[in-house]
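To start, the structure under review is shown below, and the notes come after it.
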Amino acid sequence: MSWQRVRGHEPLVAAFSQAERSGRLAHAYFFFGPRGVGKRLFADEFAKALLCEGRSAERLEACDWCAACRLVAAGTHPDLVAAQRPEGSSAIPIDVVRELCRHLALKPARGGRKIAILDDADDLYDPVTNHAAANAFLKTLEEPPPGSVLVLIGTDPEQQLPTIISRCQLICFRPLPGELMTELLRQQGITDPALVRRLVRLSGGSLGRALALADPALWEFRRTLIDGLCRTPPEPTGLARRWTQFVEEAGKDSASQRQRASLGLGLVIDFWASALARSVGGDQPPLEPEDESRLQTTIGRFTPEQLLHRLDRCLEAEIQLERRAQLPLVLEGLVDALIRR
């Protein structure tokens, strides 16, 4: 049945089923947690179960065969609307929000419910340019249409206006466990045991991130990046330029560029963390066999305090990327900090 597609979140499935049976479903939810763990898939199956015309009254689970389920699967159900940040946009425009709220306010066409799903909710509120889009939700959240359910999907409630969060029930999605990640990666055709272990370790329990990390171009650039950081004398300007070029090759969409920058930064963070562990007597094996000489070179150049400073600087850059700071400035400043003695 439909919930079988959702892996790793069985307690949430049971909790929503219990809430529906007892008539305690909220009118608005905020799904948050790491990217790529199945929040949108859960929201889609939740909506389909609510709109299903053939399900049992004992369990919130879509039958997958009735007309309503087929309409949801085709993306044409009149009582379900979904929206997200447009490609190439850095934030969700107010027009997208207004259309979502307008559709939710219409009377149901097939039953007694209207469902709205807003993905990319992290991009709903921009403290500099985008107050209006977030504020446009408030009236709908304060006075929801009867029988309506609104699901926002993001990563962190702290990125939202308190007035929005206070009107939503918060649902936390945890990282997927390693055993499940291994199974899912193998189902995606990634069968090399060494690669699977590497992706599970670096993904943080996110299947989406693991699949993105499987890109061979990323690992080829990792070698270039780590070699540049270990080079004597260093060339910060050239290395920052190559990193920026690699990020821009992901496409014109700023979200794709930021994802690639984040993936590359995650690999750098892992390298500095390994070097720091080695420098204080840890016995952490390198991620790649050729990293052994690079780690020894790095440990010889920097003290543990200097390595810790560089690791902190990487984590700071990660926050800057999440807050949509200018990519070239973030990368140039980071490379300079990593190479400087």
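The values are calculated or read from the model by the stated rules, or taken from the named source; none is laboratory data. Not measured: the values here are computed from a predicted model. Quick reminder, even Gly has a Cβ in these numbers, built from the backbone with ideal geometry, and neighbours come from all protein chains shown. Please note that ligands, DNA and RNA were not included when accessible areas were found on the heavy atoms of the full protein model with its side chains. Shrake-Rupley method; radii C 1.70, N 1.55, O 1.52, S 1.80 Å.
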Cα gyration tensor of the range 188-311, axes a ≥ b ≥ c as square roots of the eigenvalues: rounded (a/c below 1.5), prolate (a/b > b/c) or oblate?
oblate
Percent breakdown of C-alpha pair distances by 10 Å bin, ordered from the shortest bin, for the chain
5, 22, 28, 23, 14, 7, 1
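Can you pull out the GluC sites (Glu not before Pro) in the range 174-249 that DSSP calls coil and that have at most 14 other Cβ atoms within 10 Å?
Working: sites: Glu179, Glu183, Glu220, Glu248, Glu249; in loops: Glu249.
Answer in residue order: Glu249.
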Asserting the computed 222 nm helical MRE of the chain (DSSP H runs at least 4 long, -39500 (n - 2.57) per run, divided by residue count, to nearest 500) equals -16500 deg cm²/dmol
Under 12 Å from the Cα of Lys48 - aspartates and glutamates, other chains or at least 8 residues apart:
Glu61, Asp64, Asp79
Give the Debye-formula value of log10 I(q)/I(0) at each listed q (0.16, 0.19, 0.22 Å⁻¹), with one equal scatterer per alpha carbon of the range 67-199, two decimals each.
-0.90, -1.06, -1.22
Anisotropy class of the range 1-96 from Cα gyration tensor, a/c 1.5 cut
prolate
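What's the local net charge at Leu41, with K and R +1, D and E -1, over the other residues with C-beta under 13 Å away?
Numbers: positive: Arg5, Arg7, Arg35, Lys39, Arg40, Lys48; negative: Asp44, Glu45, Asp119.
Counting the neighbours of Leu41, the net charge comes to +3.
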Whole-Hz Karplus couplings 3J(HN,Hα) for the range 50-58, θ = phi - 60° and coefficients 6.51, -1.76, 1.60, Gly and Pro as x, run 5, 8, 4, 9, x, 7, 6, 6, 7
Quick one: P(r) of the range 48-116 from all Cα-Cα pairs, 5 Å bins, percents rounded to integers, in order of increasing distance.
3, 17, 22, 19, 15, 12, 7, 3, 1
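Return one whole number: the accessible area per residue of the chain in Å², for a 1.4 Å probe. List each step's numbers first, then the result.
Values: 16410 Å² over 341 residues.
Ligands and nucleic acids excluded, the result is 48 Å² per residue.
Computing the accessible area with a 1.4 Å probe over protein heavy atoms, can you report the carbon and sulfur percentage for the range 120-201? Intermediate results must be reported in sequence, preceding the final value.
Numbers: 2130 of 4130 Å².
Of all accessible area on the range 120-201, carbon and sulfur atoms account for 52 percent.
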In whole Å, how far is the Cα centre of the range 146-219 from that of the range 57-72?
26 Å
